[in-house]
Amino acid sequence: MTRLKWAIIAHSRLEKNAARIVTNMELNMQHNPPSHYGVVARSFHWGMALLIFAGLAGVELHGFFEKGGDARAALMSIHFQTGLAVFALIWFRLGAVAFRPVPPIIPEPPQWQNLAAKFTHLAFYAAMIALPVLGLLGAQASGKAVNLLGMAMPLFTGEDKAFAKEIREIHETIGNVMIGLIVLHAAAAFWHHFKQRDNTLLRMLPPK
Ligand code: HEM
Ligand code: HEM
């Protein structure tokens with residue numbers, strides 16, 4: 001037999017083995033589905049939730065301090081830095097979402113709840129991309145210099161007060177809708193845990 005034939009046979013065996021491994025993994029997933037989100041999904045979820053809470057605290061509290069003062073600027077800086085960090089991380093999180101297995105909820109909730117959860121998650125992913133972009137444009141258009149960890153951000157728009165007002169209104173509306181969804185999302189998680197007594201919330205916590 002020629003070398004080429006051997007190479008073809010070896011290659012087709014390799015392919016068959018690879019296909020068998022993938023099928024075994026799929027069967028394993030069906031019969032032994034994971035009970036918890038993996039450490040990557042959990043770290044992204046709670047780490048980015050913390051960033052978002054800190055950023056929201058910054059923007060909600062800044063109004064209590066006098067205009068032009070250091071405290072007000074520091075609180076807005078927290079809002080900017082955490083928002084830009086969310087924007088940097090969301091791409092890696094979405095990459096991880098594409099590959100991770102989703103642990104099933106036991107007992108299975110009604111279909112409308114699964115759909116509502118899917119819609120909310122999608123809205124969160126979209127908001128985590130749109131809000132920092134709009135926020136940065138709005139801040140720059142109103143003449144505020146935005147830096148990331150002390151480094152000046154490139155200018156994406158010049159000063160334009162009318163544009164700034166429009167963009168900021170959209171940013172604030174989406175931001176406030178997001179706050180509403182976060183309250184609903186967290187309330188739903190606690191309702192599943194304490195009322196329904198299913199594993200919705202436990203899946204997002206480390207396995208014991
Ligand atoms: C995930 C990221 C972000 C979220 C969830 C978010 C959310 C919000 C919310 C809820 C408000 C207040 C709305 C109100 O008072 O009714 C706000 C205001 C604002 N945000 Fe953001 N934001 C994010 C990222 C950013 C970024 C990256 C920037 C700029 C670089 C930014 C700039 C601003 C500005 C300038 C305001 C107006 C503050 C004022 O009242 O003067 N935001 N944002
Ligand atoms: C106290 C606050 C929070 C609690 C108790 C909580 C709880 C949970 C739970 C139990 C899940 C799994 C539910 C399921 O698979 O349907 C989940 C998933 C998710 N949560 Fe939260 N969450 C909180 C805050 C947040 C915040 C601030 C965000 C950011 C916008 C967020 C975004 C998401 C997303 C996108 C998912 C889908 C899975 C993923 O991509 O990680 N959560 N959350």
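Readers should treat all values here as calculations from the given coordinates under stated rules, not as data from a laboratory. Predicted model only: the values in this text are computed from it and were never measured. All Cβ positions, even for glycine, are placed from backbone atoms using ideal geometry, and neighbour counts span all protein chains on display.
Rounded to the nearest 500, the 222 nm mean residue ellipticity of the chain from helices alone is -25000 deg cm²/dmol, with -39,500 (n - 2.57) taken per DSSP H run of at least 4 residues. To the nearest 0.05, what FRET efficiency results for TRP112 and MET204 with a Förster distance of 22 Å applied to their C-beta separation? Efficiency for this residue pair is about 0.60.
Each residue, ALA186 and HIS11, gets one label point 7 Å from its Cα in the Cβ direction; the gap between the two is 5.7 nm. Comparing LEU51, LEU94, LEU84 in a Gaussian network model of the chain where C-alpha atoms under 10 Å apart are linked, the largest mean-square fluctuation is found at LEU94.
Amide H contacts of MET153 (H built 1.01 Å from N, in plane; Pro and chain starts excluded): VAL146, ASN147, LEU148 sit under 5 Å, all sequence-distant by 5 or more or on other chains. Only Cα pairs under 8 Å and 6+ residues apart enter the sum, and on that basis the relative contact order of segment 38-204 stands at 19 percent. The lysines within cross-link reach of LYS161, meaning a Cα-to-Cα straight distance under 20 Å and a gap of 8 or more places when in the same chain, are LYS67, LYS144. Seen against the Cα atoms of the chain and their longest principal axis, helix 3-31 is set at about 60 degrees.
Toward the positive end of the charge dipole of segment 163-208, with +1 on the Cβ of Lys and Arg and -1 on the Cβ of Asp and Glu, the farthest Cα among PRO206, ALA189, MET178 is that of PRO206. Our note on the geometry: Cα centres of segment 112-188 and segment 39-99, 11 Å apart. Multiplying each eigenvalue of the alpha-carbon gyration tensor of the chain by 5 and taking the square root yields semi-axes of 43, 26, 14 Å, largest first, rounded to whole angstroms. Taking every C-alpha pair closer than 8 Å and separated by at least 6 residues, the mean separation divided by the residue count of segment 139-208 gives a relative contact order of 20 percent.
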